[in-house]
1. If you take the charge dipole of chain B about its Cα centre, with +1 on Lys and Arg Cβ and -1 on Asp and Glu Cβ, which of B:Ala218, B:His180, B:Ile118 is farthest toward its positive end?
2. In what order do B:Lys152, A:Lys233, B:Lys228 fall by count of nearby beta-carbon atoms within 10 Å, going from fewest to most?
3. Assuming a viscosity of 0.890 mPa s and a temperature of 25 °C, what translational diffusion coefficient in µm² per second does Stokes-Einstein assign to the range A:286-327, Rh being the Kirkwood radius over Cα pairs?
4. In square nanometres and to one decimal, what's the mean projected area of the convex hull around the Cα atoms of chain B?
5. Tilt of helix A:64-78 relative to the longest C-alpha principal axis of chain A, in degrees (0 to 90, nearest 10)?
6. Any idea what the dipole of the range A:91-325 comes to, in debye rounded to 20, about its Cα centre with Lys/Arg Cβ at +1 and Asp/Glu Cβ at -1?
7. Using a basic spin-label model with each label point 7 Å from the Cα along Cα→Cβ, how many nm lie between B:Ala695 and A:Leu26?
8. For B:Cys666, B:Cys313, which order do you get if you count the other beta carbons within 10 Å of each Cβ and list the fewest first?
Amino acid sequence: MIGFIAKRFINYAILSAIATLSAYVLASIILNPAARYLGRNPRPSDATINSILDGLGVNPNTPWVERLWAWIVRLVTEGSLGDTIHNTSVISEIAARAGTSLRLLILGTVIAAIVGVTLGVWGAVRQYRFSDQAISVASFTILATPAFVLGILLMIVATLLNNFLGVQLISFTGEYTPGLDGGWWVQFGDRAGHLLLPTISLALMGAAGYSRYQRSAMLDVLAADYIRTARSKGRTRGSALVRHGVRVALIPMSTYFAYSFATVLAGAAVTELVFSWHGMGELLVQSISQSDINAFTGAILFNAILILIAGTLADVVYAALDPRVRV
Amino acid sequence: MTENLIDPAASNETSPSVRPGPTQPNPSNHLLEVRDLHVTFPQPGGAVTAVRGVSYHVDQGEFLGIVGESGSGKSVSSLAVMGLLPSNAKISGDILFEGKSLLGRSDKEMSKLRGEGISIIFQDPLSALTPVYTIGAQISEALRLHDRKLSKAAANARAVELLKVVGIPNPERRAQAFPHEFSGGMRQRAMIAIAIANNPRLIIADEPTTALDVTIQAQILEVLQKAKDMTGAAVVLITHDLGVVAGNADRLAVMYAGRIVETGTVDQVFHAPSMPYTVGLLRSMPNLATAGHTRLVPLEGRPPQLSNLAPGCPFAPRCPVVIEACRSTEPPLTVIGEDPLNSAACLRVAEIASGQLDRTKLYPVPEPVATAERALVAPETVLDVAGLERHFPLSKGSVFKRTIGTVRAVDGVSFDLRTGQTLGLVGESGCGKSTTVMEILELTKPQAGQVSINGRDVATLTARERKALRKEIQVVFQDPMASLDPRLPVQDLVAEPLTVHGVPAKDRLEKVRAVLDLVGLDPSMASRYPHEFSGGQRQRIGIARALVTDPKIVVLDEPVSALDVSIQAGVINLLQDLQEKLGLSYLFVAHDLAVVRQISDNVAVMYLGRIVESGPAEAIFENPQHPYTKALLSAVPVPDPTVERSRTRILLEGDLPSPTEDITGCNFRTRCPLYKLMDAPGKEQCRTQDPQPRAVQNSVVACHHAERIGLLAAGMP
């Protein structure tokens, strides 16, 4: 079993490496880091620009294969991902932002999974009834809404609520209130308050997708003979569905979990921007808009590693849930 | 109707809507009493009434058999007793268990009774056990649901005990296994263990052995009988196989189109059936005791659709003694003689019971093919198989594959087939019979051995010759629905082999019409699609497709096992007639020994990739020389209660070993009942020497001790 997981992990690791290198190549070919300096007033001389670009290792005059090689050599020998155009190292940038993003991502994913699974099971059990129809319509609506629209809508609702109550109950700009005095508990409460809206936004999007998959997985299980067997032993329908049905219906979900994690990451980038969080998503979006090749590759590597972990985790969960695949 | 049962839309938490019948003044003295039960499933295309006024009772410790074809309502009525019907089912009438009505109870109230008072064993043990829990956990779950005070450890211990009772070896270890690690027979044993866990007063067994091999079926019926004796429970056994109930049940109810049409003791129903349907069913079943001597009597037509049922007796369109009144009034169950429990639903029951209408002559026995129509055939060998082998390597690892063993699917099989004759190839599932016929149909050089058709070794054929030879050897598959492309009309399906062989279009149509006529289908139906035909008709289409190239050899791979009992006889008769008219040679693969007995001239019995006994059908069935053949034959239930009660049964232990196992010497010795009776040198011989086929009496047997087969009959209880 451990051998199997290790093998899958190595597979994912190779895939992550390929994804990161491809991202580097793609960014090197498409992005034009010189553009940022050309618009300056006074315009720096070509020699200055070239030397800055050479310093970052992103000069388009150098063939991309050479730049890629230099990037890999630097990564292997110095453990460095290069510098951003703001002259900070990419690693330190990631270190500063990762915590912010992970807090949001992990909370959002876990809540999304729990809510999505619950709604999916509920919808399947009450198929074609009003509650099922309502869940379906709501989840399709959320799936069709762009992440930033959802974020802004939540902000509007929060503002209305704040105005109605007359106090700043829900704060949604940044990840904490700058210059707030108080002890540890006050800080924690403040951060939790700021976390509320972005988490809801992420969780809503995730749950909408999960619930659709869970519903169809559960529908397959509802008609299964072993549910009938469980009832014939003396379980009520509800308890048979929970004990025997949900457990089996969760098995295909663990695979979906791994793949949907990528979607959640993409959604998180937009959500971070909307709520002015300085996280990895912001780094990714900014690096593209500012033609920052090193930062972009670093952000992609971070995402690839997260997906690697999620994928391996999904395999472990799959094996834990389904005795038939244990080897 | 069955779709409805599994329709998830139909299920919800509320109990099915119930319209209780008029309150009965007399309380029930029976363990279970079903009174005038109706079950209707509303559907967009019109309501389907699956059960239409069924009344029966079961007393304490009684064994009731309910027999019927698919769609007769036998399963629906038992699910109604358990309260497991989908919520859209409309139930009326009354179901009394221990004198108290079960209808109108909530799911919660019913769940207290299910498993504790009434338990049920389902047909397919693979899907009936939850795949993610261990067998032990699923048994102890049943225990703890009804005894909250029972500790987990005590429940597990009791689960192991129950597994031991139902005959699972190593129960401590096996309790930790998951359902997919169990074979079909062991899963069904586990299901029985769950059913008897709380000592119920009533066990309902819904087709408990249908998915199993005959040898395993015999074991399971034995376990069921043992479970009944241990718990003292009454048993309701639901089946389509008259043979299964003949030896076990006390009383019988025969269902047709949602009603009980005949009921009585087993002897009354089997020996003096009074409803023409029962008479026909008994006559149409191939039966080991009579097969081979008499022609089967087919029951023409098919059961009616249960939506929009026409008035009158639902059996009238198929009944040979139908009178005008049958078409307008549906006959009630009428008591036949003295016994109030023996009744039949037929307007002419008095005539049949009194002998005015001779029940043995109710159905016309189909005429054999007239001598003038018979094809003249020269007896020559058309198919010769010698030492055929097919081994599959078993590999492990995904990157570096390494062979860790060999599956000996076919391991040196030899037989020959002569013009105009039928060779029956029998054996349990997994014995390699299907692989053997597929190897032959490949028409290429086998891994080892030789296949010759019409005297030509197929290994030497060129591609063109091989294609030409395919005309000579054709195949009919098991499931007629799955083997016909649903998107093609019948004429295209049947003409396809002709297209392959380049027959011009106008000749094709003519040939198709001729061959459809030959198999008893109206040529005007040629433009219809497969789903418009019934099961028996579809199999006729399959046969027509095989015959359209005028083959000499037809391979029949389980051609009737997917058909309902009453339909089987017609197809078997058709195959026999075609053989005589066209001089065909059949290679007939089947697990149903009675069917094989009916149609075969010669029989070869396969076990783990080898032929253990072969010879003329008469010799094999009357006087088997190999212990496996003997056990196989003794496992087949005979639809005759007198025969069933008097004969001794040789039970094989355990399941078919995995073909990857390397068994030294004789590969049957692990299950051989004769091996156990042998003295030490005899056993030594079985362990060390692989028995070679040799002639014993009239058959060829691969057993060292065939001469001492007589020990078996004497040595077994």
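Only the coordinates and a few stated rules stand behind these numbers; no lab work does. Since the structure is predicted, the reported quantities are computational estimates derived from the model, not experimental observations. Note that we place each Cβ from the backbone using ideal geometry, even for glycine, and neighbour counts take in every protein chain shown.
1. With unit charges placed on the Cβ atoms, the residue in question is B:His180.
2. On the way: B:Lys152 11, A:Lys233 26, B:Lys228 20.
Fewest to most other Cβ atoms nearby, the residues stand as B:Lys152, B:Lys228, A:Lys233.
3. For the chosen part, D equals 199 µm²/s.
4. The directionally averaged projection comes out at 35.4 nm².
5. Once rounded, the angle reads 80 degrees.
6. 1400 debye
7. Between B:Ala695 and A:Leu26, the label points sit 7.8 nm apart.
8. By the 10 Å Cβ count, ascending, the order reads B:Cys666, B:Cys313.
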